[in-house]
Amino acid sequence: MAHAAPTAPRRPQLTTGADTRHVSRSALVLPLLLGLVYGVWAAFIQRQMGPVDAGNVFYGILCGVVFAGCVFALARFGPRLAREPHAAAWGAFAGIAIGYLFSLTNESVLRSTAIGLAVAVATGLTAFYRYYTHED
């Protein structure tokens, strides 16, 4: 009667789905790594070839934490949205992030806006295409 033998209880699966409360390690590590890169990039641009000081380090940490938090929130709660707002959210986030980095280079506001808008449109269209073609 091997088929009637009790089995060991299964461990809960760690996923980032909308119906679970557990988060996988990769869902935490990827936003942190992206935030680290973004923070270092922002601090490097803001430094403008001067000496590294505590203000630059704090600025990089702050930018990285905000960026990582936004990436985590979009990855965690974005799939609950319909495909159009989900793609628009990723597009807006990418456009704002790149536009802000470009504004740190002391370029004009119009040029930063144009770069951010171009990145937002390209990212939004790419995300919409991906969500549209990989629909359940």
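The values are calculated or read from the model by the stated rules, or taken from the named source; none is laboratory data. What you see is a predicted model, and the numbers here were worked out from it, not measured in a lab. So basically every Cβ, Gly included, is an ideal-geometry build from the backbone, and we count neighbours across all protein chains shown.
Results, tabulated for the structure shown:
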| read-out | value |
| --- | --- |
| Checking Val65 against (1) crowded, with 16+ Cβ neighbours inside 10 Å; (2) in the same structural domain as Leu33 (by TED's automatic domain parsing), the condition it does not meet | (1) |
| Answer from Arg130, Arg111, Arg83, Arg76 - the residue that is touching an Asp or Glu at 6+ places or on another chain (Cβ under 8 Å) and surrounded by fewer than 19 Cβ atoms within 10 Å (Cβ to Cβ) | Arg83 |
| Helices (runs of 4 or more DSSP H) contained in region 23-135 and holding at least 2 residues touching a residue at least 40 places away in the same chain (Cβ under 8 Å) and among the hydroxyl-bearing types (Ser, Thr, Tyr) | 109-133 |
| Residue within region 108-119 that is under 24 Å from Arg25 (Cβ atoms) and under 15 Å from the mean Cα position of the chain (by Cα) present | no |
| Matching residues in region 51-96 - criterion: being among the basic types (Lys, Arg) and either modelled with pLDDT of 95 or more or under 11 Å from the mean Cα position of the chain (by Cα) (or both) | Arg76 |
| Sole residue being assigned by TED's automatic domain parsing to the domain that holds Leu28 and under 25 Å from Thr126 (Cβ atoms), chosen from Val57, Val71, Val52 | Val71 |
